[in-house]
Amino acid sequence: MLQVQEVVKRYDGRPVVNRVTFEVGPGEIFALLGPNGAGKTTLIRMITDILRPDSGAILWEGRPAQDRAARQVAYLPEERGLYRRSAVIETVAYYGELKGMTSAEAKSEAARLLARVELGEWATKQVQALSKGMQQKVQLCTALIGAPKLLILDEPFSGLDPINVQLFEEILQEVRAGGATVLLSTHQMNKVEQLCDRALMINHGHMVLYGAVRDLRRQYADHAVLVRAAAKPPAVAGVSAVEAHDASWKLTLAPDARPATVLRALLDAGVEIESFELAVLPLEDVFVKVVREGLGIDRGVSERDLQPLPGGAR
């Protein structure tokens with residue numbers, strides 16, 4: 001659906017986005033990650049055609065992004081903005097009309113969306129009467145109206161309480177089930193793990209990570225397993241160290257050891273195992289490691305690092 005090819009954007013001669021290449025497939029929830037100042041917002045503005053790249057190409061279903069219909073892409077920016085003295089339903093409907101809907105269609109869809117985010121009874125109130133979290137739900141409705149094919153969300157969970165975070169997550173899954181694609185930019189790595197299929201991380205404008213979220217976590221994991229057992233497991237063949245890890249035991253494996261072989265050795269030793277899993281790093285730890293150590297910045301992400309989309313497309 002979306003192809004970004006060797007895109008470069010410079011300010012004062014300095015590249016803030018430097019040869020970034022990735023694809024987002026139909027029906028995917030794709031994460032765009034990076035520390036503050038990495039170039040994420042500039043990249044999003046090029047995807048939405050607010051800015052034009054200095055070089056490279058951005059394609060929408062195989063055609064230049066600027067040729068797409070405006071209603072096919074919706075953008076929820078990190079810096080929110082609503083017309084405070086307008087009625088809530090009129091605000092949402094206005095965005096629908098901007099996307100080509102008739103006034104009647106827009107108002108009907110606005111009412112449905114407001115009911116979905118539990119703001120139906122606030123439809124005729126002025127925006128300024130709503131709390132910050134409620135206004136954020138209205139802002140989400142302005143992005144959802146018109147059934148966009150690509151929904152770009154920049155920090156959508158910021159400032160929401162746990163109930164409304166769960167509501168937003170449910171809506172994202174509904175959007176995906178309806179065939180739309182989501183490009184999600186967030187610093188909440190736990191949400192990326194829960195929701196996203198694949199991710200791209202940029203740092204200082206360079207691609208440093210790109211692939212399936214589960215593969216990125218494994219890429220930086222220690223060669224170890226986590227075992228929950230009734231007692232401390234012994235250091236069987238293939239295990240170089242055993243240490244406590246939360247409510248489990250972390251078994252560091254020898255370089256040539258395989259987890260399946262270690263599991264068999266533990267069972268043969270009579271260890272009563274409650275659970276056994278690879279010691280995969282949380283994505284937040286991967287994020288911190290890559291940023292602090294500057295991994296990938298000098299070389300960027302090579303062609304062999306790029307993870308293929310289903311069907312073999314790169």
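Read the figures in this text as sums done on the coordinates, not as results from a lab. Keep in mind it's a predicted model, so treat the numbers as computed, not measured. Glycine also receives a Cβ, built like all others from the backbone with ideal geometry; neighbour counts cover every protein chain displayed.
A few points about this structure:
- Length-normalised contact order for the chain - Cα pairs under 8 Å, 6+ apart - percent: 19
- Most mobile of L151, L266, L51 in a GNM of the chain (Cα contacts under 10 Å): L266
- Environment charge at E79 (Cβ cut-off 14 Å; Lys +1, Arg +1, Asp -1, Glu -1): +1
- Helix-only CD estimate at 222 nm, as mean residue ellipticity for the chain, using -39500 (n - 2.57) per DSSP H run (n ≥ 4): -9500 deg cm²/dmol
- Highest mean packing first, where packing is the average number of other Cβ atoms within 10 Å per residue, the peptides 22-34, 165-177 line up as 22-34, 165-177.
- Of all the options V271, V280, V291, the one that moves most in a Gaussian network model of the chain with Cα springs shorter than 10 angstrom is V271.
- Highest-MSF residue in the chain out of T91, T142, T261 [GNM, Cα springs under 10 Å]: T261
- Antiparallel beta bridges, as assigned by DSSP with both residues in the chain, represent about 70 percent of the total such bridges.
- Listed by chain and number, the aspartates and glutamates whose C-alpha is less than 17 Å from the C-alpha of K132, apart from same-chain residues fewer than 8 away, are E78, E79, E118, E121, D154, E155, D161.
- Violating pairs (Cα-Cα greater than 31 angstrom) within the set K99/K191; K99/K137; K9/K107; K40/K137: K9/K107
- Distance between the C-alpha centres of segment 178-197 and segment 204-232: 18 Å, rounded to the whole angstrom.
- For the chain, the Cβ-based charge dipole about the Cα centre amounts to some 700 debye (Lys, Arg positive; Asp, Glu negative; other atoms uncharged).
- Per residue, the convex hull volume that the Cα atoms of the chain enclose (Å³): 164
- Each Cα pair under 8 Å and six or more residues apart adds its sequence gap; the mean of these over the residue count of segment 222-278 is a relative contact order of 47 percent.
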